[in-house]
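The values are calculated or read from the model by the stated rules, or taken from the named source; none is laboratory data. The model shown is predicted, which means the values in this text are computed figures rather than measured ones. So basically every Cβ, Gly included, is an ideal-geometry build from the backbone, and we count neighbours across all protein chains shown. Ligands, DNA and RNA are excluded from the accessible area calculation, which covers all protein heavy atoms including side chains. Shrake-Rupley method; radii C 1.70, N 1.55, O 1.52, S 1.80 Å.
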Amino acid sequence: MKFMMLVLPPSYTSILPDTMPGAEAVAQMAKYNQELADAGVLLGLNGLHPPSMGARVTFPEGKPKVQDGPFAEAKEVLGGYWIIDVPSREDAIAWACKVPPVEPF
């Protein structure tokens, strides 16, 4: 069974472009990612830029309109994800419970 685990960092909506987590947080996440890989359950993962780096493209009257981020109405923002392949929902939850804490930057 494939599952997607999402990272929703606190305060991510207000982070400035190119802000990076501390070295310890990066090391903890790298260790966790390696554990997933070593267990043979990791299919894919990626971190995402904060909303301040984003853009929204809409098509009013059929023409593209670009709005730069951040977007004030965002309540939860995706900071990254993992896709894992495990035997059950319970296994996915067990892996999710091992994710290192995602602290505000």
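Do we find that Met29 is open to solvent by 90 Å² or more (accessible area, probe 1.4 Å), in contact with a strand residue (DSSP E or B) (Cβ under 9 Å, 6 or more places away or on another chain) and under 18 Å from Val99 (Cβ atoms) in this structure? The answer is no for Met29. Within 25 Å of Leu16 (Cβ to Cβ), open to solvent by less than 60 Å² (accessible area, probe 1.4 Å) and aromatic (Phe, Trp, Tyr) - does that describe any residue in the stretch 67-77? There is at least one residue in the stretch 67-77 that is within 25 Å of Leu16 (Cβ to Cβ), open to solvent by less than 60 Å² (accessible area, probe 1.4 Å) and aromatic (Phe, Trp, Tyr). Scanning the stretch 11-57 for residues being at pLDDT below 80 and among the polar types (S, T, N, Q) gives a total of 4. Within the stretch 92-105, residues that are at negative phi reach partners that are in a loop (DSSP other than H, G, I, E, B) and modelled with pLDDT of 95 or more with beta carbons closer than 6 Å, at six or more positions or on different chains, in the pairs Ala92/Val86.
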